[in-house]
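Q: There's a structure below that I have some questions on.
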Amino acid sequence: MPIFLDTGNISDIEKYLKMGIIRGVTTNPTILLQAGVTGGMKGIKERSVEIANLVDPYPLSVEVTTNDPKMMLEQAQEFAGWAKNINVKITIHGPKGELDNLEIVHELENKHDIRVNVTAMMSAQQCLLAAMAGATYVSLFGGRVNNMGYNSCEEIRKLRTVLDDFSLDASIIIGSTREVLNIIEWLEAGAHLVTVVPKLLEGMIVHPYSKETVQMFLDDAAKTEKA
Ligand code: E4P
């Protein structure tokens, strides 16, 4: 099940679902804003429920919008109640490195039976600890890792090795796609899933030489009519 779509855009989700090539959707507040969501929590709920129903039984990740631990816990439970296929995104830590979040992840997974996607991670070591806390998904931002001058494929290889060696169940999602090549190279490096922006998914399908070849077939088919 290797490809999720990283978007809040309904028509893109419908398009790729009909092709049968996506197995889930991930969002975050930035993605929802870019997809035209307004109205705060009301707007986030409306769009999230719409996407969740569209992709059911595949999963949808929805990110909490607060850094307050108590509110994070409440939001996570609320989101999980919107649809059975919604899992909750919690960042690895707060914007100043506050350490409350893994405790929340652990509580949500173990006490509330809510699937958590730990997000905004830039290293294998962050992902390892999120997996140990019990996260169902650990999201490494491959494009941002590369942009910082590190090798995302190396991080993925290290992460997959330690998760397998210690029988940790978390699925590795690599996000932050920047190039068409990212998808296949990250899967080859050991990612369980890559969450892809719609434009790059189209780039994986369309090849200039395939276009030329298809045109040749069509032209020659037409010529047989006249021969
Ligand atoms: C992953 O789940 C995130 O939504 C996303 O891929 C982040 O990517 P960005 O680096 O483009 O913000």
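Q: Of the listed pairs K70/K111; K15/K199; K45/K84; K45/K89; K45/K199, which have alpha-carbon separations greater than 18 Å here?
A: Details: K70/K111 15 Å; K15/K199 12 Å; K45/K84 14 Å; K45/K89 14 Å; K45/K199 25 Å.
Those over the limit are K45/K199.
Q: Order of 203-213, 69-79 by packing, highest average Cβ count within 10 Å first?
A: Descending packing order for the listed peptides: 69-79, 203-213.
Q: Using a 1.4 Å probe, how large is the accessible area of F217, given in Å² and rounded to the nearest 10?
A: Near enough 130 Å² of accessible area.
Q: If each DSSP helix of 4+ residues adds -39,500 (n - 2.57) and the sum is divided by the residues in the chain, what number results at 222 nm, nearest 500 deg cm²/dmol?
A: The per-residue figure over the chain is -16500 deg cm²/dmol.
Q: Which cross-chain or sequence-distant (5 or more) residues have an amide H under 5 Å from the amide H of S171, H modelled 1.01 Å from N in plane?
A: The list, which skips near neighbours in sequence, is Y137, V138.
Q: Roughly how far apart, in whole Å, are the Cα centres of the stretch 10-60 and the stretch 150-208?
A: 21
Q: For the chain, report the accessible area per residue in Å² (1.4 Å probe, heavy atoms, rounded to an integer).
A: Using a 1.4 Å probe on heavy atoms only, each residue of the chain averages 53 Å².
Q: Suppose every K and R has +1 on its Cβ and every D and E has -1 on its Cβ; what is the size of the dipole of the chain about the Cα centre, in Debye to the nearest 20? Write down the numbers at each step before the final one.
A: Numbers: 21 positive and 29 negative charges, 68 e Å.
My answer is approximately 320 debye.
Q: Output ³J(HN,Hα) for the stretch 5-16: one whole-Hz value per residue in order, computed from phi by the Karplus curve 6.51 cos²θ - 1.76 cosθ + 1.60 with θ = phi - 60°, and x for Gly and Pro.
A: Computed from phi, the couplings for the stretch 5-16 are 9, 9, 6, x, 8, 5, 5, 5, 5, 4, 4, 7 Hz.
Q: Please list the non-local residues whose amide H lies under 5 Å from the amide H of T26, H modeled 1.01 Å from N, same-chain partners needing a gap of 5 or more.
A: Residues meeting the criterion, in which the H sits 1.01 Å from N, are L5, D6, T7, S61.
Q: Still on this structure, please answer the following. Give a residue-ordered list of calculated ³J(HN,Hα) values for the stretch 161-178 (Karplus: 6.51 cos²θ - 1.76 cosθ + 1.60, θ = phi - 60°; whole Hz; x for Gly, Pro).
A: With coefficients 6.51, -1.76 and 1.60, one gets 4, 6, 4, 5, 4, 9, 6, 8, 7, 4, 8, 8, 9, 9, x, 6, 5, 10 Hz.
The values are calculated or read from the model by the stated rules, or taken from the named source; none is laboratory data. Model, not experiment: these values are computed from the prediction. Quick reminder, even Gly has a Cβ in these numbers, built from the backbone with ideal geometry, and neighbours come from all protein chains shown. Just so you know, the surface numbers come from the protein's heavy atoms only, side chains and all, with ligands and any DNA or RNA stripped out. Shrake-Rupley method; radii C 1.70, N 1.55, O 1.52, S 1.80 Å.
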